[in-house]
Amino acid sequence: MTIGHGVLCFRAMTPNPRTYYFISGLPRAGSTMLSAILRQNPRFHANVTSPVASLFAGILGQVSVGSEWAAQVDVVKRRTLLRGLFDNYYADVAQPAVFDTNRVWTTKLPALLDLFPETKVIACVRNVAWIMDSIERLYRANPYENTRLFSNDAERSNVYSRLETLASRNRLVGLAWSGLKEAFYGEHGKALLVLDYDILAQRPREVLPLVYQFLGEPAFEHDFERLEFDTPEYDEGLGLVGLHKVRPQVGFQKRQSILPPDLFHQYSQLSFWKDTASSRANVIMIRDGD
């Protein structure tokens, strides 16, 4: 694993000591559990998906080519605006290190590394078949809600249409999967750490020191038996109660899939991060014999 450590630097009028990190990757792959663990450290702020990535895209859309304001806002001013977005959004956060979570951050690595040259991105992954299984379970557990994951009755009509919709390039799973693949094989891969849910759930005491090593942060003793994290209002707004509820104990629960066997096989073939030969990214993996 390539280890990087440095102090966040940015050309600004007033230096800001805050460090920004990013949590991205696939849905239902442990990002909320990772945030619940990291936030035990008094140095760290971590939460569920924030609106910062959407605000980032909105600002950029208003000042780049195609906008009437593009000629008035040069690249230097664009950088200042976008850096200011982070500083202002997290102005009320006391912790010196912030983890912002959004699945689209893997598609923004060039900009993130320009704004924050020493930043790191943790991408949470999981066998895609089990991601689909997890979302399908949540859907069936809320039978009186037409969740916002689907736009119409045709998309939500049966498990085949639901999974096909989720896997589309511009939808929940497909968008995140495509963005992660871009970052994994891209030129900025060394700033990326791929963290598999199964490994985190089964061996957190071994995994977290590696995460800290990747970040270049001082070690911290976490309590994996007493996690606290739940966002009922956020989940109810999506029509998927329990989406971000984390169990008090980190652990792996083996279960039988509720997906038809052909669908489970189809989506279990998508774990490209296991082939590291053509990637600069860092991957936490279990070696043979461990």
For residues that are of a type in the set (A, V, I, L, M, F, W, C) and either free of Cβ contacts under 8 Å to residues at least 60 places away in the same chain or surrounded by fewer than 20 Cβ atoms within 10 Å (Cβ to Cβ) (or both), tally how many sit in segment 145-156. 2
Go through segment 157-194 residue by residue and tally those that are closer than 13 Å to Glu136 by Cβ, exposed (fewer than 15 other Cβ atoms within 10 Å of the Cβ) and in contact (Cβ under 8 Å) with a residue 24 or more places away in the chain. 1
Does Leu38 qualify as being under 25 Å from Leu175 (Cα atoms) and touching a residue at least 40 places away in the same chain (Cβ under 8 Å)? no
What about Tyr197, is it surrounded by 15 or more Cβ atoms within 10 Å (Cβ to Cβ) and modelled with pLDDT under 95? yes
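Among the residues in segment 43-54, are any of a type in the set (Lys, Arg), in a loop (DSSP other than H, G, I, E, B), surrounded by fewer than 16 Cβ atoms within 10 Å (Cβ to Cβ) and modelled with pLDDT of 90 or more? Quick ask: steps written out before the conclusion?
Taking segment 43-54 first, the residues of a type in the set (Lys, Arg) are 43.
Those left that are additionally in a loop (DSSP other than H, G, I, E, B): 43.
Next cut, surrounded by fewer than 16 Cβ atoms within 10 Å (Cβ to Cβ) only: 43.
Adding the requirement that they be modelled with pLDDT of 90 or more leaves 43.
Yes, because at least one residue in segment 43-54 is of a type in the set (Lys, Arg), in a loop (DSSP other than H, G, I, E, B), surrounded by fewer than 16 Cβ atoms within 10 Å (Cβ to Cβ) and modelled with pLDDT of 90 or more.
Only residues that are crowded, with 17+ Cβ neighbours inside 10 Å and in contact with a Phe, Trp or Tyr (Cβ under 7 Å, 6 or more places away or on another chain): list them for segment 86-107, please. Can you show your working first?
Start the filter on segment 86-107 by keeping residues that are crowded, with 17+ Cβ neighbours inside 10 Å, which leaves 86, 90, 97-103, 105-107.
Residues satisfying the conditions are Phe86, Ala97, Val98, Phe99, Asp100, Trp105.
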Every residue from segment 116-137 that is surrounded by fewer than 20 Cβ atoms within 10 Å (Cβ to Cβ) and assigned to a helix (DSSP H, G or I): Trp130, Ser134, Glu136, Arg137
Mind checking which residues of segment 277-288 are closer than 18 Å to Asp198 by Cα, part of a loop (DSSP other than H, G, I, E, B) and either touching a Phe, Trp or Tyr at 6+ places or on another chain (Cβ under 7 Å) or free of Cβ contacts under 8 Å to residues at least 60 places away in the same chain (or both)? Arg287, Asp288
Only residues in segment 42-66 that are within 18 Å of Pro110 (Cβ to Cβ) count as the first member; pair them with residues that are modelled with pLDDT of 95 or more and assigned to a loop (DSSP other than H, G, I, E, B), Cβ under 9 angstrom, at least 6 apart or cross-chain, and list the lot. Val52/Tyr90; Val52/Asn102; Ala53/Asn102; Phe56/Asn102
Given (1) acidic (Asp, Glu); (2) buried (at least 19 other Cβ atoms within 10 Å of the Cβ); (3) farther than 27 Å from His222 by Cβ, identify the lone condition not met by Glu68. (2)
If Ala123 passes every condition in (1) touching a strand residue (DSSP E or B) at 6+ places or on another chain (Cβ under 6 Å); (2) of a type in the set (Gly, Ala, Ser); (3) modelled with pLDDT under 95 but one, which one does it miss? (3)
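The values are calculated or read from the model by the stated rules, or taken from the named source; none is laboratory data. It should be emphasised that the depicted structure is a prediction, and the values quoted were computed from it without experimental measurement. Note that we place each Cβ from the backbone using ideal geometry, even for glycine, and neighbour counts take in every protein chain shown.
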